[in-house]
1. So in segment 113-123, with the set limited to residues that are touching a helix residue (DSSP H, G or I) at 6+ places or on another chain (Cβ under 8 Å) and open to solvent by less than 80 Å² (accessible area, probe 1.4 Å), which one is farthest from ILE24 (Cα to Cα)?
2. Among the residues of segment 32-40, are any open to solvent by less than 80 Å² (accessible area, probe 1.4 Å) and under 28 Å from ILE130 (Cα atoms)?
3. Determine whether segment 70-89 contains at least one residue that is open to solvent by 50 Å² or more (accessible area, probe 1.4 Å) and among the small types (Gly, Ala, Ser).
4. I want to confirm something. Restricting to segment 12-31 and keeping residues that are of a type in the set (A, V, I, L, M, F, W, C) and under 16 Å from ASN101 (Cα atoms), which single residue is most open to solvent (accessible area, probe 1.4 Å)?
5. Considering only segment 59-76, I want to know if a residue exists there that is touching a residue at least 12 places away in the same chain (Cβ under 8 Å) and touching a Lys or Arg at 6+ places or on another chain (Cβ under 7 Å).
6. Give me a count of the residues in segment 77-136 that are under 30 Å from GLY53 (Cβ atoms), assigned to a helix (DSSP H, G or I) and of a type in the set (Gly, Ala, Ser).
7. Just name the residue that is farthest from ILE93 (Cα to Cα) out of those in segment 5-56 that are β-branched (Val, Ile, Thr) and under 13 Å from the mean Cα position of the chain (by Cα).
8. Answer yes or no: is there a residue in segment 44-57 that is in contact with a Leu (Cβ under 7 Å, 6 or more places away or on another chain) and either surrounded by 11 or more Cβ atoms within 10 Å (Cβ to Cβ) or aliphatic (A, V, I, L, M) (or both).
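The values are calculated or read from the model by the stated rules, or taken from the named source; none is laboratory data. Here the structure is a predicted model, which means the values were calculated and not measured. Cβ placement follows ideal geometry from the backbone for every residue including glycine, while neighbour counts extend to all protein chains displayed. Surface accessibility is based on the protein's heavy atoms, side chains included, excluding ligands, DNA and RNA. Shrake-Rupley method; radii C 1.70, N 1.55, O 1.52, S 1.80 Å.
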Amino acid sequence: MKKELIYEAVRKFNSLGHECNLEISDKLGMSRLQLSQLHYLKVIDRTVDITFGKLAEILNITKPSVTEIVNKLVKLDCVEKKRCSNDKRIFYIKLTDKGRNIARLQYLAEQRVVDIIFKVFDDEEIDTFIKLIRKL
């Protein structure tokens with residue numbers, strides 16, 4: 001009996017996280033993004049001063065493939081190309097605000113879950129929740 005209640009609680013908690021993911025995904029207009037494009041945004045987000053060549057190296061693909069990927073992401077308003085001021089042949093790939101938010105979706109969804117927890121639980125329940133989760 002208790003095991004079923006735990007399964008139910010875990011499903012509900014997972015469902016809350018999933019709902020927050022969907023809510024933020026919809027707000028960010030992610031419905032038009034493919035899973036591979038999300039991966040590219042995450043790579044760009046965690047790489048400082050990334051160029052087309054560097055992205056090609058990281059993804060182990062050709063520069064023309066990177067150009068195609070970047071152009072699609074530009075059309076989706078997720079990245080922009082910035083010309084290097086010292087060498088006009090080099091372009092940097094920068095995330096737009098939309099692209100940065102999409103790349104950090106998991107963090108934003110976690111923030112939403114935390115906001116809900118603070119709205120629903122009182123201080124004592126929050127302390128208990130933290131204590132119980134830490135035991136895992």
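1. Looking only at segment 113-123, we keep the residues that are touching a helix residue (DSSP H, G or I) at 6+ places or on another chain (Cβ under 8 Å), and these are 113, 116-118, 121.
If we keep only those that are open to solvent by less than 80 Å² (accessible area, probe 1.4 Å) as well, we get 113, 116-117, 121.
Numbers: VAL113: 11, ILE116: 14, ILE117: 17, PHE121: 22 Å.
For segment 113-123, the residue satisfying everything is PHE121.
2. To start, the set of residues in segment 32-40 that are open to solvent by less than 80 Å² (accessible area, probe 1.4 Å) comprises 33, 36-38, 40.
Still in the running and under 28 Å from ILE130 (Cα atoms): none.
No, the conditions are met nowhere in segment 32-40.
3. Taking segment 70-89 as the starting set, the residues that turn out to be open to solvent by 50 Å² or more (accessible area, probe 1.4 Å) are 71-72, 74-75, 77, 80-83, 85-86, 88-89.
Still in the running and among the small types (Gly, Ala, Ser): 85.
For segment 70-89, residues open to solvent by 50 Å² or more (accessible area, probe 1.4 Å) and among the small types (Gly, Ala, Ser): present.
4. Initial filter on segment 12-31 (of a type in the set (A, V, I, L, M, F, W, C)): 13, 16, 20, 22, 24, 28, 30.
Subsequent filtering for residues that are under 16 Å from ASN101 (Cα atoms) retains 20, 22, 24, 28, 30.
Values: CYS20: 3, LEU22: 87, ILE24: 22, LEU28: 29, MET30: 26 Å².
Ranking the candidates gives LEU22 first.
5. Just the residues of segment 59-76 that are touching a residue at least 12 places away in the same chain (Cβ under 8 Å), to begin with: 59, 66-67, 69-70, 72-73, 76.
Filter once more, keeping what is touching a Lys or Arg at 6+ places or on another chain (Cβ under 7 Å): 70, 76.
Taking every residue of segment 59-76 in turn, at least one turns out to be touching a residue at least 12 places away in the same chain (Cβ under 8 Å) and touching a Lys or Arg at 6+ places or on another chain (Cβ under 7 Å).
6. Residues of segment 77-136 that are under 30 Å from GLY53 (Cβ atoms), as a first pass: 77-107.
Checking the rest, the ones that are also assigned to a helix (DSSP H, G or I) come to 97-103, 105-107.
Next, only the ones that are of a type in the set (Gly, Ala, Ser) stay: 99, 103.
Here the count works out to 2.
7. Of all residues in segment 5-56, those β-branched (Val, Ile, Thr) come to 6, 10, 24, 43-44, 47-48, 50-51.
Those left that are additionally under 13 Å from the mean Cα position of the chain (by Cα): 24, 43-44.
Numbers: ILE24: 24, VAL43: 11, ILE44: 7 Å.
For segment 5-56, the residue satisfying everything is ILE24.
8. Filtering segment 44-57 down to residues in contact with a Leu (Cβ under 7 Å, 6 or more places away or on another chain) leaves 44-45.
This time we only want the ones that are either surrounded by 11 or more Cβ atoms within 10 Å (Cβ to Cβ) or aliphatic (A, V, I, L, M) (or both), so: 44-45.
The answer is yes, given that some residue of segment 44-57 is in contact with a Leu (Cβ under 7 Å, 6 or more places away or on another chain) and either surrounded by 11 or more Cβ atoms within 10 Å (Cβ to Cβ) or aliphatic (A, V, I, L, M) (or both).
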